[in-house]
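The values are calculated or read from the model by the stated rules, or taken from the named source; none is laboratory data. Since the structure is predicted, the reported quantities are computational estimates derived from the model, not experimental observations. Please note: Cβ atoms are built from the backbone with ideal geometry, for glycine as well, and neighbour counts cover all protein chains shown. Remember, those area values only see protein heavy atoms, side chains included, never the ligands or the DNA or RNA. Shrake-Rupley method; radii C 1.70, N 1.55, O 1.52, S 1.80 Å.
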Amino acid sequence: MIRKKIIAGNWKMNKTASEAHALVKSIMEVDINPSKKQVIVIPPQLYVSEFSKYKKEGFAIGAQNCHALSEGAFTGEISAPMLQSTGIEYCLVGHSERRKYFNETDADCLAKVRSLFASNIIPILCVGEELNIRESNYHFQHVIHQLSVVY
């Protein structure tokens, strides 16, 4: 069995609407072998619903984040069921920037992963370490811990 190569691009907080449309259109024009490759475009949340309508074998749209709860008074947040209603297949969880700047914990990541699985969305778990952890030669244990929490 040949495993597919996954090419995922997280746009972070970049691109205006017109720039985003041009970029996703150019990405979708790339000729890939969908039996061997999966391209996942992960635009800012603002564009997820609109871009999820772009359909082509081998290409998918993902979200950059979700809230762990299905609903509630969480202004600006997006739930896994809301993402599911757009038809997306993937969602990032635990990105280093979310962990660092928004103080997301391994427990937060686990809750989000569970919520995504409950909504039939494939989580893309981001793991990694800060420079001080790498320099202390603790990076392997750190990443193993991040994986073990959600496994």
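Just flag the GluC sites (Glu not before Pro) in the range 71-151 sitting in loop per DSSP whose Cβ has no more than 15 other Cβ atoms within 10 Å.
E71, E77, E130
Taking amide H atoms as placed 1.01 Å from N in the peptide plane, list the residues 5 or more away in sequence, or in a different chain, whose amide H sits under 5 Å from that of E89.
For E89, whose amide H was placed from the backbone, the distant partners under 5 Å are I61.
On C-alpha positions alone, give me the angle between the axis of helix 106-118 and the longest principal axis of the chain, in degrees, nearest 10.
The angle comes out at about 40 degrees.
Test of the criteria: in the range 21-63, which chymotrypsin sites (Phe, Trp or Tyr not before Pro) are in a DSSP loop and have at most 15 other Cβ atoms within 10 angstrom of their Cβ?
Those that pass, being in a loop and sparsely packed, are Y54.
Angle, helix 139-150 long axis vs. longest principal axis of the chain, Cα atoms, 0 to 90°, nearest 10?
Taking the Cα atoms of the chain, the angle to 139-150 is about 70 degrees.
Do any chymotrypsin sites (Phe, Trp or Tyr not before Pro) in the range 86-144 lie in a DSSP loop with no more than 14 other beta carbon atoms within 10 Å, and if so, which?
Of the chymotrypsin sites (Phe, Trp or Tyr not before Pro), the ones in loops of the range 86-144 whose Cβ has at most 14 other Cβ atoms within 10 Å are F102, Y138.
Based on DSSP H runs of at least 4 residues, each adding -39500 (n - 2.57), what is the mean residue ellipticity at 222 nm of the chain after dividing by all its residues, to the nearest 500 deg cm²/dmol?
Only helices count here, giving -11500 deg cm²/dmol.
Across the chain, where is the longest run that never hits trypsin sites (Lys or Arg not before Pro) in a DSSP loop with at most 13 other C-beta atoms within 10 Å?
Longest site-free region, per DSSP loop and neighbour criteria: 56-151.
Please list, ordered by chain and number, the residues whose modelled amide H lies under 5 Å from the amide H of S79; skip anything fewer than 5 residues away on the same chain.
Distant-sequence amide H within range of S79: H67.
For K5, go through the aspartates and glutamates and keep the ones whose alpha-carbon is under 19 Å away, minus same-chain ones fewer than eight residues off.
Filter leaves E29, D31, E57, E89.
Over all directions, what mean area does the Cα convex hull of the chain project, stated in square nanometres?
Approximately 10.4 nm², given one-decimal rounding.
Provide the FRET efficiency to the nearest 0.05 for the S136-T16 pair, computing r from the beta carbons and using R0 = 41 Å.
Calculated transfer efficiency: 0.50.
Say each of V149 and I122 gets a label point 7 Å from the Cα, pointing the same way as Cα to Cβ; how far apart are those two points in nm?
With each label point 7 Å from Cα toward Cβ, the separation is 2.4 nm.
So what's the angle, to the nearest 10 degrees on a 0 to 90 scale, between helix 17-28 and the longest Cα principal axis of the chain?
80
Per residue, how much accessible area does the chain show when a 1.4 Å probe rolls over the protein heavy atoms, in square angstrom?
For the chain, the per-residue accessible area is 64 Å².
Each residue of the range 122-134 in order: what ³J(HN,Hα) in whole Hz does its phi give by Karplus 6.51 cos²θ - 1.76 cosθ + 1.60, θ = phi - 60°, with x for Gly and Pro?
Calculated HN-Hα couplings, in order: 7, x, 10, 7, 8, 10, x, 9, 7, 4, 4, 6, 4 Hz.
Can you pull the percent of the chain's accessible area that's carbon plus sulfur, 1.4 Å probe, other chains left in place? Numbers along the way, then the final one.
Working: 5460 of 9600 Å².
The nonpolar share, carbon plus sulfur, comes to 57 percent.
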